[in-house]
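Novice: Structure provided below as structure tokens; questions to follow.
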């Protein structure tokens, strides 16, 4: 069943005292659940183990209250109270048949300690390097502090082994781990034996690796995750230095996990980097150690995976995002079902779960994060509960997913699309600069629908309410999408703005349909703040137009801070020659341009332009839904039982939200409604015992005013 070309990917790999059953390794990745939703994380990791990943790891795990990276929600091993939560995750990973890895981290300068309120610790007195520029400084660690950190890490190793983990990480990467800060001259200007020369800067990493090996004592393998280049030249860690580090420590861990730079460098979106982009930075390091090496590169092609192993770059194929998009990727390669792989599109919507402190989600895999609380599975879905027929109107991301999942349940489905082309907004947006990989959302679903004989697709079939009521459908799903507004209504303006007669106002829909501004100067007003504004500006600038991008936010594409793209977005826009005005709103469209106002002072100005592209909000195409609802009295005679809106036709949002909406409809059709207001399982914190002793309450004497 398996193509012999891929046999090498299924060879076992010995990692110290344990053995991975194949070369597929889910490296540590955050998920927005952590200590708040440990069962949610446990079931998510178990599904990956079931899907064939030989090793499944946690995210970074805080080892002490001085390593608190709140408000972000990761796992904790502060003390023994945290063992049951992390033990449940290890247990579920083992149930799926994989080795369980845990990434222990003292986050050092990355820890503002907002929850614990402990003083942050670092190699020197510096402001914390947290994501939110917290007004907190770390204290330079004394020798006693360093001894304490070694003890805390050793205790965390002990707790990890008690919890059942097979691989224990020492974390020195991404400019997040405190050991990274000691290693990098960017953060370490100490003059004692822990600073200065590379040998001194690596001392703490060496000591903690030795402590970890001693504590593990053959009961668990020891992994070291380390940044191979900070991409800062001599201001930071360089590749040459890492070669020397491996020369010093190459045999200390049982596994090396190589990452690139910061998290932004290690998880570049498909818009800014191709598959296997990190290979030039990692190539050759494996030859410096006898221990196995794992690395990442948003690997989605099994041929590229084979190349990594056969060319001596990696021993284990590391993945975070591809394992999220398809937890069963290894199993599908093993069984020869390559066409069934849900390829990661590299959009980083998964990363946004961590930054928004919400459960992980995925554009391609709508079941991600819902394994425990809703019981969803990426490869299995409950069989149909009736012989009802279902009409899905609209073949965008929501409609395609609804049809696919309903078909897998066994329902008889008709999918009607008003146009010739399937894919809706995804088909259009994937034509924009940098977004070509997004077409995989459509390709995967069309491939799956072709296999389903119980799903019929009708192109160029615009459905009216009369058409639907006259036909025999028991359930109707309206997935007709949305359109971008042309009146300026969005976040900044909740009412239409003034537009002069004769002024040309375009929307992203016009641009994607091939229409172009009538003159050489164009303003793009971005009040959407995700990717569309910068992508349209880049497209028009590359076509030779003089583009000014105006946004009320502090950054271009402000929300992409949550997908690790904001710096690259700004660089791309600058290099495209786009003029940028931040903290500025367009207030009116004039015959020769736009009026603007400062977001803070309201001070007005003007920008000359021949045309303006408004990227503000979208309106759902919900007229069919509302017309059917208005004719509910006719449903019984037509044997019509339900009409639902999904995706952008219900409420415009991300592509991931549209896919999720379609999947939810399919999962819940004909199923019992939840008894209470919450439609999923929750883990509710148990109240702690009240302290035995506490300060007595002294009654406050009233103060007389007379």
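The values are calculated or read from the model by the stated rules, or taken from the named source; none is laboratory data. What you see is a predicted model; the values in this text were computed from it and never measured. Heads up, the Cβs are rebuilt from the backbone with ideal geometry, glycines too, and the neighbour counts pull from every protein chain shown.
Novice: Can you name every residue in segment 128-151 that is surrounded by fewer than 23 Cβ atoms within 10 Å (Cβ to Cβ) and outside any loop (DSSP other than H, G, I, E, B)?
Specialist: 137, 139, 140, 143, 144, 145, 146, 147, 148, 150, 151, listed by residue number.
Novice: May I ask you to list the residues in segment 654-676 that are outside any helix (DSSP H, G or I) and either closer than 21 Å to residue 407 by Cβ or touching a helix residue (DSSP H, G or I) at 6+ places or on another chain (Cβ under 8 Å) (or both)?
Specialist: Residues satisfying the conditions are 654, 669, 670, 671.
Novice: Now a separate question. Residues in segment 81-127 that are more than 22 Å from the chain's Cα centre (by Cα) and part of a strand (DSSP E or B): how many?
Specialist: Of the residues in that region, 5 qualify.
Novice: If you check every pair at least six apart or on different chains, which have Cβ atoms under 8 Å apart with a residue in segment 661-679 that is at positive phi first and a residue that is surrounded by fewer than 16 Cβ atoms within 10 Å (Cβ to Cβ) second?
Specialist: 670/385; 670/386
Novice: While we're on this one: How about segment 5-18: which of its residues are under 9 Å from residue 54 (Cβ atoms) and part of a strand (DSSP E or B)?
Specialist: Across segment 5-18, the qualifying residue is only 13.
Novice: So which residues in segment 447-460 are within 12 Å of residue 394 (Cα to Cα) and part of a strand (DSSP E or B)? First the steps, then the outcome.
Specialist: Keep residues of segment 447-460 that are within 12 Å of residue 394 (Cα to Cα), which gives 457-460.
Passing the criteria: 457, 458.
Novice: Filtering segment 40-68 down to residues that are farther than 14 Å from residue 94 by Cα and more than 19 Å from the chain's Cα centre (by Cα), which residue is surrounded by the most Cβ atoms within 10 Å (Cβ to Cβ)?
Specialist: It comes out as 67.
Novice: Starting from residues that are surrounded by 13 or more Cβ atoms within 10 Å (Cβ to Cβ) and in contact with a strand residue (DSSP E or B) (Cβ under 7 Å, 6 or more places away or on another chain), keep the ones in segment 486-499 and report whichever is nearest to residue 557 (Cα to Cα).
Specialist: Filtering segment 486-499 for residues that are surrounded by 13 or more Cβ atoms within 10 Å (Cβ to Cβ) and in contact with a strand residue (DSSP E or B) (Cβ under 7 Å, 6 or more places away or on another chain), the one nearest to residue 557 (Cα to Cα) comes out as 492.
Novice: Then there is this: Residue 463 versus (1) assigned by TED's automatic domain parsing to the domain that holds residue 431; (2) not in a loop (DSSP other than H, G, I, E, B): which is the lone unmet condition?
Specialist: Exception for residue 463: condition (2).
Novice: Quick one: which of 403, 395, 418, 437 is part of a loop (DSSP other than H, G, I, E, B) and buried (at least 20 other Cβ atoms within 10 Å of the Cβ)?
Specialist: 395
Novice: Taking strands (runs of 3 or more DSSP E) that do not extend beyond segment 505-599, which have at least 1 residues that are farther than 19 Å from residue 483 by Cβ and at pLDDT below 95?
Specialist: No strands (runs of 3 or more DSSP E) qualify here.
Novice: Residue under question is residue 371, and the condition is that it be under 24 Å from residue 97 (Cβ atoms), in contact with a helix residue (DSSP H, G or I) (Cβ under 6 Å, 6 or more places away or on another chain), in a loop (DSSP other than H, G, I, E, B) and not assigned by TED's automatic domain parsing to the domain that holds residue 446; does it hold?
Specialist: Values: under 24 Å from residue 97 (Cβ atoms): yes; in contact with a helix residue (DSSP H, G or I) (Cβ under 6 Å, 6 or more places away or on another chain): yes; in a loop (DSSP other than H, G, I, E, B): yes; not assigned by TED's automatic domain parsing to the domain that holds residue 446: yes.
So residue 371 fits the description; yes.
Yes/no per residue for (1) farther than 30 Å from residue 14 by Cβ; (2) modelled with pLDDT under 95; (3) over 31 Å from the mean Cα position of the chain (by Cα):
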{"site": "177", "(1), (2), (3)": "no, yes, no"}
{"site": "191", "(1), (2), (3)": "yes, no, yes"}
{"site": "194", "(1), (2), (3)": "yes, no, yes"}
{"site": "197", "(1), (2), (3)": "yes, no, yes"}
{"site": "205", "(1), (2), (3)": "no, no, no"}
{"site": "211", "(1), (2), (3)": "no, no, yes"}
{"site": "217", "(1), (2), (3)": "no, no, yes"}
{"site": "235", "(1), (2), (3)": "yes, yes, no"}
{"site": "238", "(1), (2), (3)": "yes, no, no"}
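Novice: I need a count of the residues in segment 44-80 that are in a strand (DSSP E or B) and either over 30 Å from residue 122 (Cβ atoms) or modelled with pLDDT under 95 (or both). Break it down into steps so the answer makes sense when it comes.
Specialist: Kept after step one, since they are in a strand (DSSP E or B), are these residues of segment 44-80: 55-62, 75-76.
Right, trim to either over 30 Å from residue 122 (Cβ atoms) or modelled with pLDDT under 95 (or both) and you get 55-56.
Residues meeting the conditions: 2.
Novice: In segment 622-653, what residues are outside any helix (DSSP H, G or I) and more than 25 Å from residue 387 (Cα to Cα)?
Specialist: Of all residues in segment 622-653, those outside any helix (DSSP H, G or I) come to 622, 631, 635, 639-646, 650-653.
Once the filter is applied, which keeps residues that are outside any helix (DSSP H, G or I) and more than 25 Å from residue 387 (Cα to Cα), segment 622-653 yields 622, 650, 651, 652, 653.
Novice: If residue 621 passes every condition in (1) surrounded by 14 or more Cβ atoms within 10 Å (Cβ to Cβ); (2) within 17 Å of residue 467 (Cβ to Cβ); (3) over 30 Å from the mean Cα position of the chain (by Cα) but one, which one does it miss?
Specialist: Every listed condition holds for residue 621 apart from (3).
Novice: Can you tell which of 228, 168 is closer than 18 Å to residue 151 by Cα, assigned by TED's automatic domain parsing to the domain that holds residue 89 and in contact with a strand residue (DSSP E or B) (Cβ under 8 Å, 6 or more places away or on another chain)? Don't jump to the end; show me each part of the working.
Specialist: Numbers: 228 fails: closer than 18 Å to residue 151 by Cα.
Exactly one of 228, 168 is closer than 18 Å to residue 151 by Cα, assigned by TED's automatic domain parsing to the domain that holds residue 89 and in contact with a strand residue (DSSP E or B) (Cβ under 8 Å, 6 or more places away or on another chain), namely 168.
Novice: Also: Mind listing whichever residues of segment 212-238 are part of a helix (DSSP H, G or I) and surrounded by fewer than 17 Cβ atoms within 10 Å (Cβ to Cβ)?
Specialist: 214, 233, 234, 235
Novice: Within segment 577-617, take every residue that is more than 22 Å from residue 519 (Cα to Cα) and more than 35 Å from the chain's Cα centre (by Cα) and give me the one that is surrounded by the most Cβ atoms within 10 Å (Cβ to Cβ).
Specialist: Result: 604.
Novice: Among the residues of segment 425-439, write down those that are in contact (Cβ under 8 Å) with a residue 60 or more places away in the chain and in contact with a helix residue (DSSP H, G or I) (Cβ under 9 Å, 6 or more places away or on another chain).
Specialist: The answer is 425, 426, 428, 429, 431, 432, 433, 434, 435, 438.
Novice: Looking at 256, 263, can you tell me which residue is in contact (Cβ under 8 Å) with a residue 60 or more places away in the chain and either within 32 Å of the chain's Cα centre (by Cα) or closer than 17 Å to residue 176 by Cβ (or both)?
Specialist: The conditions single out 263.
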